[in-house]
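Working notes, structure below.
Coordinate-derived values only; no laboratory data. The structure presented is a predicted model; accordingly, all values stated were derived computationally and were not measured. Ideal geometry is used to build each Cβ from the backbone, glycine not excepted, and the neighbour counts take in all protein chains shown.
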Amino acid sequence: MSGSKIMNSKELAKIRSCFPQLSGELAYLDNAATTFKPCCVIDEMNEFYRKNNANARRGLYELSVKASLDYEKAREKVASFIGADKHEIIFTRGATESLNLIAMGLNYEGGDIYVGNAEHHSNLLPWRNLARNYSSEIKNIEISDNQYVPPIISDNAKIVAISGYSNVIGELSGIEKIITDAHKYGAIVILDATQMIVHKNIDVHDLDVDFLVFSGHKIYGPMGIGVLYGKYEYLEKLKPVFFGGEMVDEVSEDNYELSEIPYRFEAGTMNIAGAIGLSSALDFLEQNNLEKLHGHELALADHARNAISNIPEFHLLPSKGSIVSFTHDFIHPHDIAQYLGDNGIAVRAGYHCAQPLHIKLSKKPSTRISFSFYNSMEEVDLLLQKLRQISLAFGGF
Amino acid sequence: MYNEILLDKNSHSLYRGRLSDFTKEIKLKNASCGDEISVYLKIEDNKIIDGSFNGIGCAISQASTDIMLGAIIGKSIKEAEEICKTFLDTFINEPKNLCKLGEAAALEGVSHMPARTKCATLPWQIFKS
């Protein structure tokens, strides 16, 4: 990753002008929940529903052919964005669906499942559910100061599910060794890249992960579209979970023949507009200098982290990268988030769907601020000003 | 939303602490927020003689617990159950009428925030557990 550096005001203004929702007064610092969408995404989806709406891979008329081509172009775009082959990309509703499809589709018949300690519930509960069904064991992979502590992987290891970027404490180092160790023992590695892909360039071959998932709406694309990447040889072994239209080649009276990969995993009408919107979001990112964008959001986060660490009542959770989480001596995070919300600042409060991590780190819920490249130093300063006032507002000193 | 009554009841609650001679302890939990409240009641002859609470939670849940205790102490169990039921019905279905329920009127602003409903209603569910 590049060093942290604030964009100049002209560059920032140009970026911000691409996002219609930034024209208001709200300081939106909840980007790990979902990001705003650039005009190009909204326009492309609008265009699809105004002019190009048709079902893909079904009709023999020009409009349907165009929908099919555009949908497949979106698949190619996603593939090239993460260094995959287009046949290895399956569209889903989002990362949660992708992870559940993997958990339900693997030919798992027991064995140890290793899960990172900072996982979002979406990369924990599908594995817990699987483990419960087979009475097998979930083993935690510990994290210390945003660094994975490589576990001693057993001969019985079958699945390793981790992420490279937590939605609470940000960037996590050391996934490479976990992946290498897991493969030594023949375990399958699943990477939840939902947060990571927003802040870091990803190449699935360099990482050598077996499966990788992310959601469109967190990377400036639309809601309701997500990605499941799998190495082709693993997709060949994965069982489809959903059955229905267009995922079979032939249906006889008592049998059926699955379609080729990836179509066998895309039953029913897919979210074509969503795929087109996601493709447009990835185009938008590629047309900008990603290193510069990442450096800007990191500089904002570092500034916020440093300033918050100097306010005595606040306690930072250990964090790196563009996400900063903290607790307060006596004010509940919901009150902090509501107070900030009343003052035009959007943040997140609670466990952020990562309760086990909170139990380990702080034993209580936290307030989270998460940056995008379209945020400004003025927004950070407004946040800091309000945080300095909050203790007094809630009857403190 | 954070009116002075709520902020005052949060930071200077009359009923915070653990009664030394309580006869019933009720634990309330809102797992998704991390709210955990223990309500202590001293009950004699089906009457709530005294009450207090301990716990962690947001200002809304803490203030609402204080208001709830103020409303039920001195009442019979049956009356207290009715008071809590009336509050929950009013808060959820007719929040405009909260102004008729004494100090509970301070929670009217919260009724417009779906994400905070659980915080405000949690303590009034003591008879449901």
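Observations on the model:
- Contact order relative to length of chain A, as percent, for alpha carbon pairs under 8 angstrom and 6 or more apart: 23
- Each residue in B:Met68, A:Met270 was given a count of other beta-carbon atoms within 10 angstrom of its own, and listing them fewest first yields A:Met270, B:Met68.
- Among B:Leu107, A:Leu60, A:Leu235, the order by Cβ neighbours within 10 angstrom, fewest to most, reads A:Leu60, A:Leu235, B:Leu107.
- Charge dipole magnitude, Cβ of K and R +1, D and E -1 - the range A:300-383, Cα centre, debye nearest 20: 520
- The range B:1-67 and the range A:180-257: distance between their alpha carbon centers, rounded to Å: 48
- Per residue, the average separation of C-alpha pairs within less than 8 Å and at least 6 apart gives the range B:1-90 a relative contact order of 27 percent.
- For the pair B:Lys29 and B:Asn3, the difference between a 0.36 nm per residue extended length and the Cα-Cα distance amounts to 6.9 nm.
- Here the residues B:Ser11, B:Ser111, A:Ser23, ranked from fewest to most Cβ neighbours within 10 Å of their Cβ, fall in the order A:Ser23, B:Ser11, B:Ser111.
- For the range A:336-397 and the range B:87-109, distance of Cα centres in Å: 29
- Residue (of B:Cys119, B:Leu101, B:Leu69) at the positive-pole extreme of chain B, dipole from beta-carbon charges: B:Cys119
- Treating r as the C-beta distance of A:Leu60 and A:Val241 and R0 as 41 Å, the FRET efficiency rounds to 0.90.
- Simple rule: put +1 on each Lys or Arg Cβ and -1 on each Asp or Glu Cβ in the protein assembly as shown, find the dipole, and look at A:Asn123, A:Ser391, A:Ser64; the Cα lying farthest toward the positive end is A:Ser391.
- Here chain B is described by how far its Cα atoms reach on the three principal axes: 38, 27, 25 Å, from widest to narrowest.
- Chain B: DSSP helices with Cα axial extent of at least 15 Å and average Kyte-Doolittle hydropathy no lower than 1.0: B:59-72
- Average Cα contact separation per residue, the range A:100-151, under 8 Å, 6 or more apart, as relative contact order %: 38
- The helix-only estimate of mean residue ellipticity at 222 nm for the protein assembly as shown, built from DSSP H runs of length n ≥ 4 each weighted as -39500 (n - 2.57), is -11000 deg cm²/dmol after division by the residue total.
- Inter-probe distance in nm under a simple model that places probes 7 Å from Cα toward Cβ, at A:Lys177 and A:Asn156: 2.5
- Simple Cβ-charge dipole of chain A, Lys/Arg +1 and Asp/Glu -1, about Cα centre, in debye nearest 20: 1000
- Given charges at Cβ of Lys, Arg, Asp, Glu: the protein assembly as shown dipole, positive-most of A:Gln195, A:Pro356, A:Leu238: A:Pro356
- Net charge over other residues, Cβ less than 11 angstrom from the Cβ of B:Met1 (K, R count +1; D, E count -1): -2
- Annotation: the antiparallel percentage among DSSP beta bridges lying fully within chain A is about 55.
- Computed about its Cα centre, the charge dipole of chain B is approximately 260 debye, with only Lys, Arg, Asp and Glu carrying charge at their Cβ.
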